[in-house]
Every structure is written in C-alpha cells, then in structure tokens.
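Colleague: Please find one structure pasted underneath; my questions will follow.
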Amino acid sequence: MVTLTSEPFEPGAVLTTFCAGRNETGAVASFTGLARAEHGAALALGLEAYPGFTAAAIAAFAEAPWARFALQDYVLIHRTGRLAPGEAIVFVAPPAGHRRAAFEACDFLMDYLKSRAPFWKKEHSPGGGRWIEPTAQDRTDAQRWD
C-alpha cells in the first residue's frame, strides 16, 4: 500500500496497526525518515509530487521486492508539502517470513525512494531555498540493487 499525504502521521501507530494479527509473519522491518534541522540551517523541507503520477510510479516500483524478497505486502507512507524539522517524511515497513528478507526489502525500497522516486525536494533556510538532489552516495546505494 502506497500513501502520499500532506498530513502528519505517527509511524509508531502505523506500525502497531500494520503488525496486528500477523500470525504467519516472521519479521517486519521498518524505517522512518525525519526532516532534519541541519543545525539550524533548515527551517523546513518542501516536498513536491504529482499525486497520481508519483503514487503510481512508486506503486509500480514497489512490486519488484515482492518476488525478490518474498514479501507478504508492505506499507509505504510519504509526506508531501512543507515539513518542519523532526516531522516524519517517510515510513516503510515490509513484512516477510524472515528478518533478512524484511531488512533487505526495507533497504531496497528506501534506496529507490531516496534516489529515483519522482519527488522534488526543497530545503528552506534563513537565507532562502535550495533544491535538493540525490547525492552520489544515494545513487551508489541504489545501483547495488541493479
């Protein structure tokens, strides 16, 4: 399940609800990404997306780990709009039969979201705004799955 939302969400509550009743799941790995203050240099993070296009692109990509890691399903929530430092940006939780598959699927999904998902990020600072591009490390991390 892919959800793009402009509303804040509580990752712990999402994880608790998602894990309820999973009698055949051996592991659920999760990742929560938070907006950083960058030691006072960032006042906010802006995330732009084309709702239909971005959600469809992420959902299409998120089909890849099903067979690769033998996933049962997943939850993926990504914020859009303006976020204050400390707010949750992204939450990913793939359940699997065993921990290694769950960890790797979580890493796989996050590498895609960080470097290839169709989002446009802008950091707002006291001196103005600047667009944020994936770093060389982000691209290297994603390439290891190719």
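Colleague: Where does helix 99-115 land angle-wise versus the long Cα axis of the chain, in degrees 0 to 90, nearest 10?
Modeller: Value to nearest ten degrees: 30.
Colleague: Just need the relative contact order of the chain here, percent rounded to a whole number, with Cα pairs under 8 Å and 6+ apart.
Modeller: The value is 33 percent.
Colleague: What is the helix-to-structure angle for 51-61, meaning the angle in degrees between its Cα long axis and the longest Cα principal axis of the chain, kept from 0 to 90 and rounded to the nearest 10?
Modeller: 40 degrees
Colleague: What's the ranking of 19-31, 96-108, 50-62, 80-92 by average number of surrounding C-beta atoms within 10 Å, highest first?
Modeller: Result, highest mean Cβ count within 10 Å first: 96-108, 80-92, 50-62, 19-31.
Colleague: Sticking with this one: What does the helix-only formula give at 222 nm for the chain: each DSSP H stretch with n ≥ 4 adding -39500 (n - 2.57), the total divided by the residues, and the result rounded to the nearest 500 deg cm²/dmol?
Modeller: -10500 deg cm²/dmol
Colleague: Under 5 Å between amide hydrogens, which residues at least 5 positions from Gly26 or on another chain qualify, with H placed 1.01 Å from N in the peptide plane?
Modeller: Amide H neighbours of Gly26, under 5 Å, 5+ apart: Ala96, Gly97, His98.
Since every read-out is calculated from the coordinates, none of them should be taken as a lab result. All values derive from a computational prediction rather than experimental measurement. As a convention, Cβ positions derive from the backbone with ideal geometry for all residues, glycine included, and neighbour counts pool all protein chains shown.
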